[in-house]
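Report on the structure given below.
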Amino acid sequence: MTSTTTVVVLSGGISHERDVSLRSGRRVVDALSRLGWHVTTAEPDAKLLPALLEQRPDVVWPALHGASGEDGSLRALLDVSGLTYIGSTGPSARLAWDKPTSKRVVGTAGGDTPASVTLTRDVFREIGARSAIDTILGSMPEGLVVKPARGGSAQGVTVVESADQLPRALMDAFTYADEALIEQRIVGTEIAVGVIDADGGPEALPAVEIVPRSGFYGFEERYTAGETRFYTPARIDPAAAASAGELALLAHRSMGLRHLSRADLIVDPDGRPWFLESNVMPGLTETSLLPQALLSTGRDLSSAYAAITERALADA
């Protein structure tokens, strides 16, 4: 790489995670600019694709969270435009973006994932709220997590500890998506395991343990300094840590992800990791998990992001 390398970082957008994306984008710009590369930023709007096609940067880095960056649509347009970019392809991103689908893919590949049921807003209305809720509670014991089937940053996610909380939890999830995932809650240690594509293939980074002061790793706990404590490496048994790394790699490979991803897992008291979801463009803010994992390995972020960029160029 030389100082003539041109990178366009995409950030912002119109999703619920716009502010987080802007913060992630600034961190990438700062890291790569320290190498002397020519780094600019752009927002996903009507002018984006014509500008990229005219400029033809060496690499596009979509530091976009939410649908605009992670549902695969924009990545598919970059593919057909012949532009090199960081991260998973459109079809792979689409698998990871849909939580019920990603759980099914990982489960079929042999990974453990909590029991769940997916409910659409239309069925919830047509069948009737009471009937749908009674059916769910009759098949799944109390202790549930309800979340939008698509989305990130824990928006619309509710821990349901009693039956009377389920109706409101479903409505909160439907605020962010047309489908809600009702998942059996696994009580244990919450961790995140980043994966980066290295020269020898995908590499699982040290697990980051997540301990929010409130007891729930919600939006504020994710992006407000001091609201959550992190431990890297996670304070779990070495065998459990190894199993968690294997599960994150399984998710990365089974969905065909590339360059970087992050698997969110729960390790139960027996040391068994459970897959919850994967993120194809993990947060890169000052409180985000992937940067913490990278730093724990002795890498600095500039060299780490440079290596990811070089991997994307090699794959082009």
Residues (surrounded by fewer than 17 Cβ atoms within 10 Å (Cβ to Cβ) and either at pLDDT below 95 or touching a strand residue (DSSP E or B) at 6+ places or on another chain (Cβ under 8 Å) (or both)) located in region 260-294: Asp268, Glu286
Selected residue (criterion: most open to solvent (accessible area, probe 1.4 Å)) from residues of region 115-152 that are part of a strand (DSSP E or B) and among the hydrophobic types (A, V, I, L, M, F, W, C): Val117
Looking only at region 203-214, and only at residues there that are under 25 Å from Arg150 (Cβ atoms) and modelled with pLDDT under 95, the one that is surrounded by the fewest Cβ atoms within 10 Å (Cβ to Cβ): Ser214
Output for region 220-241, where each listed residue is part of a helix (DSSP H, G or I) and either open to solvent by less than 50 Å² (accessible area, probe 1.4 Å) or in contact with a helix residue (DSSP H, G or I) (Cβ under 9 Å, 6 or more places away or on another chain) (or both): Glu221, Arg222, Tyr223, Ala240, Ala241
Qualifying residue in region 166-173 (condition: open to solvent by 30 Å² or more (accessible area, probe 1.4 Å) and touching a residue at least 24 places away in the same chain (Cβ under 8 Å)): yes
Entirely in region 1-113, the helices (runs of 4 or more DSSP H) that have 1 or more residues that are surrounded by fewer than 19 Cβ atoms within 10 Å (Cβ to Cβ): 18-33, 48-55, 73-80, 90-97, 99-108
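Which of the residues that make up region 110-149 are of a type in the set (Lys, Arg), within 27 Å of the chain's Cα centre (by Cα) and at pLDDT below 90?
Arg121
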Cross-chain or 6+ apart pairs with Cβ under 8 Å, region 112-140 first and more than 24 Å from Trp274 (Cβ to Cβ), then modelled with pLDDT of 80 or more and among the β-branched types (Val, Ile, Thr): Ala132/Val123
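Within region 252-259, does at least one residue satisfy the condition of being more than 26 Å from Arg34 (Cα to Cα) and surrounded by fewer than 18 Cβ atoms within 10 Å (Cβ to Cβ)? Break it down into steps so the answer makes sense when it comes.
Here is the first cut: in region 252-259, the ones more than 26 Å from Arg34 (Cα to Cα) are 252-257.
After this cut, where a residue has to be surrounded by fewer than 18 Cβ atoms within 10 Å (Cβ to Cβ) as well, the list is 253, 256.
Within region 252-259, one or more residues are more than 26 Å from Arg34 (Cα to Cα) and surrounded by fewer than 18 Cβ atoms within 10 Å (Cβ to Cβ).
The values are calculated or read from the model by the stated rules, or taken from the named source; none is laboratory data. In this text the structure is predicted, and so the values were computed from the model without any measurement. Glycine also receives a Cβ, built like all others from the backbone with ideal geometry; neighbour counts cover every protein chain displayed. The protein model used for the area step is the full one, side chains on, heavy atoms only, and it has no ligands, DNA or RNA in it. Shrake-Rupley method; radii C 1.70, N 1.55, O 1.52, S 1.80 Å.
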